[in-house]
């Protein structure tokens, strides 16, 4: 089982138990005395270190439309949030993860504001088994990007004259599982749910 390293500082186990623990989004086996971190007896070969590093993060696209100003600035609008994730391989170890947020606010069927944000991160991922790479890109990647995208949304809405919009944390693992389930239904000939 791979160990985890984010940004150059290895994740440290908090106890010496053999049970797997989730640190940094990857299951890590912790060692007992005489047992190495990969479960082999001390002195055995180490599993390659899984390394996830954010090389950079950036706004790819940001749009804020405020057709309701100044009339609807005191109304409590109905907020609709849409989330989309894209990941693409740039080379053997570098990947771009793009988190797209679409926030629509309406009051009395009138548009108060519309915000669209495409926020991306460039990730270097080393020693990741192919079978978990998609999970890293579509769960851990957006999880690391989300706080920064959330702040951009809050600032843009505030700069539009309304109270800052604080988006609740998003369960990217649930979104990933739903996407996989929809893909399995499509392959089985059923329409996605």
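Every number in this text was worked out from the coordinates using simple rules, so none of it is lab data. All figures in this text were calculated on a predicted structure; none of them were measured in a lab. All Cβ positions, glycine included, derive from the backbone under ideal geometry; neighbour counts span all protein chains shown.
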Ordering of 150-158, 86-94 by burial proxy (mean other Cβ atoms within 10 Å per residue, highest first): 150-158, 86-94
Please work out how much length the chain gains when fully extended from residue 53 to residue 81, using 0.36 nm per residue of separation minus the C-alpha to C-alpha distance, in nm with one decimal. 7.2 nm
On the first, second and third principal axes, largest extent first, how far apart are the outermost C-alpha atoms of the range 55-168 in Å? 54, 21, 18
